[in-house]
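Here is the structure we will look at, set down as structure tokens.
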């Protein structure tokens, strides 16, 4: 595939050079034409910069699989359940049922927190206990509640 693409680009480049040389031999000034073509190529390249960045990030997400459909993630400043992973965007649903369409470049630009990657999670809770209460009794009540769930 890359050999064919390389052959085609070399062929297009040589054809363009031959056409420009022929036009210059006829008597037309080709410097302004080359400048216009160069400016047009630069404008197209700058216009596609964001899309190409999203595409490259989408390919990385699909290859490395930092998350899958159904995972709850926090990425690119947004948090939600992944519904769809595309080449340009990832679609998530928030806990309050909003649909987020997140560009893949925004996801790959920062940290990806995959909340559901592991089966268990640690939960830290602060419990207020009076100095006069029996600490063993408090601990048994908390552990009993935790084990029931």
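The values are calculated or read from the model by the stated rules, or taken from the named source; none is laboratory data. Computed from a prediction, not measured in an experiment: that's the story for all the values here. So basically every Cβ, Gly included, is an ideal-geometry build from the backbone, and we count neighbours across all protein chains shown.
Looking across region 40-55, the residues that are part of a helix (DSSP H, G or I) and within 13 Å of residue 88 (Cα to Cα) come down to 49, 50, 51, 52, 53, 54, 55. Report the residue count in region 84-97 for those that are more than 16 Å from residue 66 (Cβ to Cβ) and touching a residue at least 12 places away in the same chain (Cβ under 8 Å). Result for region 84-97: 4. Number of residues in region 60-77 that are out of contact with any helix residue (DSSP H, G or I) (no Cβ under 8 Å at 6 or more places or on another chain), closer than 15 Å to residue 109 by Cα and in a strand (DSSP E or B): the value is 2.
Going through 41, 50 one at a time, which residue ends up being at pLDDT below 90 and over 12 Å from the mean Cα position of the chain (by Cα)? Result: 41 is the single residue among 41, 50 that is at pLDDT below 90 and over 12 Å from the mean Cα position of the chain (by Cα).
Summed over region 110-149, the residues that are touching a helix residue (DSSP H, G or I) at 6+ places or on another chain (Cβ under 8 Å) and surrounded by 10 or more Cβ atoms within 10 Å (Cβ to Cβ) give a count of 1.
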